[in-house]
Amino acid sequence: MNQELVELMKAEEQNKAQRVPEHTMNALNNYIYHQMPPGWFLEAVLTNNLKEAFGRADAFNTQNMFALIAHCYNNIPSIAWGSVENYNNWLKRGKE
């Protein structure tokens, strides 16, 4: 088997292994369904602050950041994330 094919197969396996950690999904679900603040790391993700997100992430979330962003993009309403304004407005919904 040539080296290029081996590298491609390794990359594919690594992509399959990426997933959103369970503790992160729990915090996201509480944010989405109950408008509960999700913590400093997810606040950075949800407000579109990539630098802070990586700086605040634990090892699991650092390794799976792509999967987390893909999950947010595909599953979270756009009015709930993407900017500080969207984030704050979403949290206010829980206080109304």
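I need the full set of residues from the stretch 41-65 which are among the charged types (D, E, K, R) and without any contact (Cβ under 8 Å) to a residue 40 or more places away in the chain, in order please.
Residues satisfying the conditions are Lys51, Glu52, Arg56, Asp58.
Go through the stretch 25-38 and give me each residue that's in contact with a helix residue (DSSP H, G or I) (Cβ under 6 Å, 6 or more places away or on another chain) and closer than 20 Å to Phe54 by Cα. Even if it seems obvious, please write down each step before you answer.
First, the residues of the stretch 25-38 that are in contact with a helix residue (DSSP H, G or I) (Cβ under 6 Å, 6 or more places away or on another chain): 27, 35-36, 38.
Scanning the stretch 25-38 gives Ala27, Pro38.
Which residues, counting only those in the stretch 63-96, are over 16 Å from Ala27 (Cβ atoms), assigned to a helix (DSSP H, G or I) and among the hydroxyl-bearing types (Ser, Thr, Tyr)?
Listed by number, the residues that qualify are Tyr73, Ser78.
Of the residues making up the stretch 48-96, those that are closer than 12 Å to Pro21 by Cα and charged (D, E, K, R) number 1.
A short reminder: the numbers here are calculations on the coordinates, not readings from a lab. Owing to the predicted nature of the structure, the values given are computational and were not obtained by experimental measurement. Ideal geometry is used to build each Cβ from the backbone, glycine not excepted, and the neighbour counts take in all protein chains shown.
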